Structure formats: structure tokens, C-alpha cells
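Report on the structure given below.
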Amino acid sequence: MPPPFTLAAIALTVYTTAHTFFGTLFPSSFGPEADAVFLAMKTTTFDLMGSESTYYKQWFGLGIYTSLFLIFSAYIAVALNAAKTGEQWAVLRPIAVALAAAHVADAGIAFAYFFISPVIMSSLTVLLVVWGIKQKDDQFKKKA
């Protein structure tokens, strides 16, 4: 079985792909009422700190930011897996803990404001990163 950080990177890449393509670039229709709201988000403009904007632009931009966060998280998971010595792990461990904490927050936000898919993917990421931390901790304790 691949190491937990590798599994986390794979899960995050799947999450990023689904979020980017099915959630942001090519969103689904959720019926006529939802489509009307989405159209209003695209066509209603307002001044936002001196720039003309729409709620659609805000929604789309935040969607892209989220995709960047997810793919960067996948990259970090790969980098964490690369720790081969206790000294390297000592430097990388705080980053691993921060990654886990960021995805705990992500899971909480998904639970409060979104739907089951991001809740599952965020929670899976937390479990895999925490498992990876424990595995690396155990690996380098034995060598100490």
C-alpha cells in the first residue's frame, strides 16, 4: 500500500480535479430557480472597492483560490513523504501539522456551508495526513 502522504496527495488531486471542473469551470444546473439565481450572480454588477464586480466573479475567483489551495496541499503531502531522515522530518513535521489543521478547518467549513462530497474529501485528507504524521513519527523514533 502506498504511504499515507502519497494517498493524501492522490485524494487531494482527485478533490482538486472534481472541484475545479465540476464545481467551478462547468457547474451543473440545479433547476430553474437555481439557474435564475446563477444568472443574476453573473449579470448584477456592483462597485467593490472601486472595481466593477459581480457575485459570479467573486464566486468564481474563490473557487479558483480553493482549487489552488487543494493542489498546493497535494504538493505539500508529496514533499512530506520525501522526509528520509529524522532531521528532515523534524523540519517538515510542523508543516504536516499545519496541513492537517488547515484541512480540519476545511472539513468544518464544508460541513457548515456545503454538502457531503467536500466533507468526505476534507475528512479523508485529515485522516491520511494524521496517519502520515504518526507513521513518520514512529519511523524516526525507532531509529533514534
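Applying both filters, DSSP loop and at most 12 other Cβ atoms within 10 Å, to the chymotrypsin sites (Phe, Trp or Tyr not before Pro) of segment 10-86 gives 30. Over segment 1-92, what is the mean sequence separation of C-alpha contacts under 8 Å (at least six apart), divided by residue count, expressed as relative contact order in percent? Relative contact order comes out at 42 percent.
Counting Lys +1, Arg +1, Asp -1, Glu -1, what net charge surrounds residue 77 among other residues with beta carbon under 15 Å of its beta carbon? Intermediate results must be reported in sequence, preceding the final value.
Working: positive: 93, 134, 136; negative: 106.
Net charge in that neighbourhood comes out at +2.
Using all pairs of distinct alpha-carbon atoms, the Kirkwood hydrodynamic radius of segment 9-66 works out to 12.8 angstrom.
Size of the chain from its Cα atoms: along the principal axes, largest to smallest, the extents are 62, 34, 22 Å. If you take every residue apart from residue 42 with its C-beta less than 15 Å away from the C-beta of residue 42, what net charge results, scoring Lys and Arg +1 and Asp and Glu -1? With Lys, Arg at +1 and Asp, Glu at -1, the net is -1. Note on residue 90 and residue 115: their simple-model spin labels are 4.8 nm apart, each label 7 Å out from Cα toward Cβ.
Full extension of the chain between residue 51 and residue 104 yields a length gain of 15.7 nm, computed as 0.36 nm times the residue separation minus the alpha carbon distance.
With the biggest extent put first, the Cα atoms of segment 34-105 measure 55, 28, 17 Å across the principal axes.
What chymotrypsin sites (Phe, Trp or Tyr not before Pro) in segment 111-144 are in a loop by DSSP, with at most 16 other Cβ atoms within 10 Å of the Cβ?
Details: sites: 111, 113, 114, 115, 131, 140; in loops: 114, 115.
Sites meeting the loop and neighbour criteria: 114, 115.
With each run of n ≥ 4 DSSP H residues scored as -39500 (n - 2.57), what mean residue ellipticity at 222 nm is computed for the chain after dividing by its residue count and rounding to the nearest 500 deg cm²/dmol? Provide the component values of the computation, followed by the final result.
Details: 5 runs with 110 residues, N = 144.
Helix contribution divided over all residues of the chain: -26500 deg cm²/dmol.
The long axis of helix 4-18 is offset from the longest Cα principal axis of the chain by roughly 10 degrees. Rounded to the nearest 10 degrees, the angle from helix 32-43 to the longest Cα principal axis of the chain is 90 degrees. Nearest 10 degrees is fine. How inclined is helix 86-113 to the longest principal axis of the chain, computing both from alpha carbons? On a 0 to 90 degree scale, this one is about 30.
Taken together, the values in this text are just the output of simple stated rules run on the coordinates, not laboratory data. Model, not experiment: these values are computed from the prediction. With ideal geometry, Cβ positions are generated from the backbone for all residues, glycine too; neighbour counts draw on all protein chains shown.
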